[in-house]
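As C-alpha cells, the structure follows; a few thoughts come after it.
The values are calculated or read from the model by the stated rules, or taken from the named source; none is laboratory data. Being a predicted model, the structure only gives us computed values, none of them experimental. Don't worry about glycine lacking a Cβ; one is built from the backbone with ideal geometry, like all the others, and counts go over all protein chains shown. The area values use the complete protein model at the heavy-atom level, side chains included, leaving out ligands, DNA and RNA. Shrake-Rupley method; radii C 1.70, N 1.55, O 1.52, S 1.80 Å.
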Amino acid sequence: MYPQPYPFGGSQNFGGQSAGMGRSPFKKIYKTCMKNRNQYVQLMLMDGVTYTGFIEYVDQQNVYFAIPYVEKQQENRNQDAQYDVRGYQIYRCVFPLHAVAGVNGAY
C-alpha cells in the first residue's frame, strides 16, 4: 500500500538506541543518585554549585537532599558529656533532576 522506506524492513529509529545514542543523561544521573542513596556524597549542579550531604530520596523529577550542619560552639555545653546533639541540624533541599550535573559518591 505505502512504499517501504527501509529496504530491509525495520522501522525508523528516532531515538537512535541501536546506535547507543538513545540514553538520556537524566537516566544516568537518576541511576547514579539511586545507587548513592543514603550515602554521604558531593552533588554538583549544572551552574557549578556543589553541595555535600545525603541523598534521601530520588524520583523521576527531583533529588531530595539532606545537608547536615553542626553549630560551632555553645555557651552552656556540658563538658562531661561524650556527645552533645543540641547544635546538630539538617537542612533539606529539593533539586530538579535535570539541574544535577554529577554525583561523587566516594566523597
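Name the residue that is modelled with the lowest pLDDT, counting only residues in the range 77-105 that are part of a loop (DSSP other than H, G, I, E, B) and within 30 Å of Lys35 (Cβ to Cβ). It comes out as Val85.
The single residue among Val41, Val70 that is at pLDDT 55 or above, open to solvent by 70 Å² or more (accessible area, probe 1.4 Å) and aliphatic (A, V, I, L, M) turns out to be Val70. A residue that is small (Gly, Ala, Ser), surrounded by 12 or more Cβ atoms within 10 Å (Cβ to Cβ) and at pLDDT 60 or above occurs nowhere in the range 16-26.
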